[in-house]
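> Handing you this structure, nothing more for now.
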Amino acid sequence: MVSLLGRLIGPLIKRWRAFMPVLLFSFLTVALGLATPYFIRLAIDIFNGTGMTNDVYWLALAIFLVALFQGISDWARLYYMAHLGQQIVLQWRVRLFDHLMRLPFSFFDKVHTGDLISRVASDIETLSVFYTRAAVMAFGNIAFLAAILCVMVFWDYRLSIVYLALLPLIAHAMSIYSRQVSPHIRASRKQVATLTSQLRNGLTAIDTAQGLGFTDELESSLSATSQRLGESRIKAGNVVARWRHYPTVVVAIACAACLWYGSTLVRTGTMSMGTLIGFTAFFGLLGRPIRQTGFMVSVIIRAAASAERVFELLDVDANVKDSIDSGPLPDGAGTVKFDDVHFSYDGPEGVPALKGISTTLRAGDVIALVGPSGSGKTTMAHLIPRFYEPLKGKLTIDDRDIQKVTLASLRKRVGIAFQDSFIFAGTLRNNVAWGKPEATDEEITIALEQAQLSDLLHREKGLDLEVGERGLRLSGGQRQRLALARVLLYDPQILILDEPTASLDKTAEDKLRRALQNVRQGRLTVVISHRLWTVRNADQIIVLDEGKIVQEARGSKESSADEQLSKAGGLYVRLQQKLLTNGKEQQ
Ligand code: ADP
Ligand code: MG
């Protein structure tokens, strides 16, 4: 908790320049707040001593002016704090998002996107309440309580004992309060995250949900979470409501004690009437800061819960990162070598996904990766742009270890289109130029033409065509080729296509085939595909099974890779036969 608060307050201290006006106006507000009881004391003592004089009118005017300036100064303090708070929050949010963008794939395998969204959006929002309201209140109120104590001791130390006796009461109540309220606040933060997660899952899979008819189940689980959230909020609200009366009672007791004890002092003539009434006025002023402290405590608890979730993310080590001695990947033909590469998604003890892959993918070739589902094709492809790190062995591009080059330079050279690449709502232009916003319309058009999508361009809107949420206004084949166009815009030297042909009909497939013939020139193309034509035309075929290369062939002048493997028999032939029968069934 202490280190957490330290991390929360750190940014305030770091920005001390922007924090200075906040502190200044906090103290000014406090000082002005103390002036009123002082003027009341003066007025009464003047009145008691010499009777009504003009000075009393001046004091009345002074009280009015002080209130006015106090209002202005309070406004200034809140204004500067809001600015500072928003700056800090903006920085947190950008930092968190930036950090997320650098995290390895393996991290995203294990988390819920909805939870991440709620951390970046709503947890940061909670922190903003902390910075814009609670922090300023905390500084203001602590200063106020301390200043009152000083003035009281200075005026009359005997009565200040009543005030001092009050402080432990408040502190005790506060600790009980925070202990009662924090579990509910924590629970509600978690429930908000669950709710976001459920919403996201439900809304992104609305077609599946409606198709399978389980929208009712989604609805009831969402409503259950909502209900739990409501219950946590009500419980927290109960604690707050109980707490609200506490300061009034405490202040009333203090006032009574002060009047009772003070009046005996006045009667014995050891204290002036003005001082007594001034003291009572001070106690009257205590209600607000004490009540606010209650509010502050709940904001701080909430901020701490949110901060914990934010820091937890920030502390996740980006374990795929550039080593200190890494430089950019030097220009070269683009030959990829796997040297005894082992990999498992669950660390060294986990089930291995790749078991000792050694092969060379020559620059300019088309490589077909084939093998049964789950044999490790995608995994092997994902190691090339370093989405994951091999457990053992190494990968080189043009004899440079890819662990020793910067990620940015590596990923500029390697383009990958997934089986189900994300198409977002927006125009054709935005979708293609997603990773390269500075691309000209001409470049985008060329990429679309290479991907055999020029027919889309001839529709009335051209590049401004709206593709719909997740590209739903395009056909499956068009979506696939749009994802390809996006990669082609980069003009990557090494192109990886993961099952680009899955779920395509005959015409869409023909188009893609033409697109692929267009793009293979001058680059290494790795295709994972179940289609015979991609495999037959490949320069090199790698057959994977259970994370191992079981067969491999490279075409020569005499015979193609496919012919060589067909002669050899084995898994390759069995797979081809299966494809052939499947193909016949389709036709
Ligand atoms: P293929 O692409 O050949 O169908 P994959 O490379 O996707 O096969 O999968 C190889 C093995 O790794 C499978 O056993 C699969 O269950 C596992 N696997 C794939 N992706 C992940 C992941 N993100 N987390 C954990 N295991 C995974
Ligand atoms: Mg796969």
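> Given the structure, is T379 at pLDDT 90 or above, under 35 Å from the mean Cα position of the chain (by Cα) and among the β-branched types (V, I, T)? Give the steps one after another, and end with the answer.
Values: at pLDDT 90 or above: yes; under 35 Å from the mean Cα position of the chain (by Cα): yes; among the β-branched types (V, I, T): yes.
Answer is yes for this residue.
One line per residue, one yes/no per condition, for (1) within 35 Å of the chain's Cα centre (by Cα); (2) among the hydroxyl-bearing types (S, T, Y); (3) under 20 Å from V366 (Cβ atoms); (4) surrounded by 18 or more Cβ atoms within 10 Å (Cβ to Cβ):
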{"position": "L489", "(1), (2), (3), (4)": "yes, no, no, yes"}
{"position": "I494", "(1), (2), (3), (4)": "yes, no, yes, yes"}
{"position": "I528", "(1), (2), (3), (4)": "yes, no, yes, yes"}
{"position": "I542", "(1), (2), (3), (4)": "no, no, yes, yes"}
{"position": "E546", "(1), (2), (3), (4)": "no, no, no, no"}
{"position": "L565", "(1), (2), (3), (4)": "no, no, yes, yes"}
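> Which residue out of F39, F69 is at pLDDT 90 or above and in a helix (DSSP H, G or I)? Working first, answer last.
Numbers: F39 fails: at pLDDT 90 or above.
F69 is the lone residue from the list that is at pLDDT 90 or above and in a helix (DSSP H, G or I).
> Which residue is surrounded by the most Cβ atoms within 10 Å (Cβ to Cβ), if the candidates are limited to the stretch 387-414 and must be away from ligand 2 (no atom under 16 Å from the Cβ), under 15 Å from Y345 (Cβ atoms) and of a type outside the set (A, V, I, L, M)? Spell out the reasoning first.
Filtering the stretch 387-414 down to residues away from ligand 2 (no atom under 16 Å from the Cβ) leaves 389-414.
Then drop every residue that is not under 15 Å from Y345 (Cβ atoms), which leaves 389-392.
So of that shortlist, the ones also of a type outside the set (A, V, I, L, M) come out as 389-390, 392.
Values: E389: 15, P390: 20, K392: 15.
Filtering first and then ranking leaves P390.
> Quick one: in the stretch 374-428, of everything that is under 14 Å from V341 (Cα atoms) and basic (K, R), which residue is nearest to ligand 1 (Cβ to nearest atom)?
K377
> From the list V310, V299, which one is in a helix (DSSP H, G or I) and farther than 24 Å from T248 by Cα?
Details: V299 fails: farther than 24 Å from T248 by Cα.
Among V310, V299, only V310 is in a helix (DSSP H, G or I) and farther than 24 Å from T248 by Cα.
> Counting only residues that are within 25 Å of G334 (Cβ to Cβ) and either of a type outside the set (A, V, I, L, M, F, W, C) or in contact with a strand residue (DSSP E or B) (Cβ under 9 Å, 6 or more places away or on another chain) (or both), give me the helices (runs of 4 or more DSSP H) lying completely in the stretch 445-523 with at least 1 of them. Break it down stepwise before answering.
Details: elements: 454-457, 476-488, 506-519.
Answer list for the stretch 445-523: 476-488, 506-519.
> List pairs: first in the stretch 408-425 and in contact (Cβ under 8 Å) with a residue 40 or more places away in the chain, second outside any strand (DSSP E or B) and of a type in the set (D, E), Cβ under 6 Å, 6+ apart or cross-chain?
Q419/E499; A425/E469
Here's the yes/no breakdown for (1) more than 20 Å from D510 (Cα to Cα); (2) at pLDDT 85 or above; (3) loosely packed, with under 14 Cβ neighbours inside 10 Å:
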| site | (1), (2), (3) |
| --- | --- |
| V432 | yes, yes, no |
| E438 | yes, yes, yes |
| D441 | yes, yes, yes |
| R459 | yes, no, yes |
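> Kindly evaluate T194 against the criterion of being in a helix (DSSP H, G or I), touching a Cys at 6+ places or on another chain (Cβ under 8 Å) and hydroxyl-bearing (S, T, Y). Before the answer, list the steps.
Working: in a helix (DSSP H, G or I): yes; touching a Cys at 6+ places or on another chain (Cβ under 8 Å): no; hydroxyl-bearing (S, T, Y): yes.
When the stated conditions are applied, T194 does not pass them.
> Out of curiosity, is G364 away from ligand 2 (no atom under 16 Å from the Cβ) and either in a helix (DSSP H, G or I) or crowded, with 20+ Cβ neighbours inside 10 Å (or both)? Let's see the steps before the verdict.
On the way: away from ligand 2 (no atom under 16 Å from the Cβ): yes; either in a helix (DSSP H, G or I) or crowded, with 20+ Cβ neighbours inside 10 Å (or both): no.
Against the criterion (away from ligand 2 (no atom under 16 Å from the Cβ) and either in a helix (DSSP H, G or I) or crowded, with 20+ Cβ neighbours inside 10 Å (or both)), G364 does not qualify.
> Another one. Only residues in the stretch 194-216 that are of a type outside the set (V, I, T) count as the first member; pair them with residues that are assigned to a loop (DSSP other than H, G, I, E, B) and surrounded by 11 or more Cβ atoms within 10 Å (Cβ to Cβ), Cβ under 6 angstrom, at least 6 apart or cross-chain, and list the lot.
Final answer for the pair search is S197/H112.
> Right, next: Within the stretch 547-557, is there a residue that is touching a residue at least 24 places away in the same chain (Cβ under 8 Å), in contact with a Leu (Cβ under 8 Å, 6 or more places away or on another chain) and part of a loop (DSSP other than H, G, I, E, B)?
yes
> Same structure again: Does T360 count as of a type in the set (S, T, Y) and within 30 Å of L532 (Cβ to Cβ)? Spell out how you get there, then give the answer.
Details: of a type in the set (S, T, Y): yes; within 30 Å of L532 (Cβ to Cβ): yes.
The answer is yes for T360.
The values are calculated or read from the model by the stated rules, or taken from the named source; none is laboratory data. This is a predicted model, so every value here is computed, not measured. Here the Cβ is made from the backbone with ideal geometry for all residues, glycine too, and neighbour counts use every protein chain on show.
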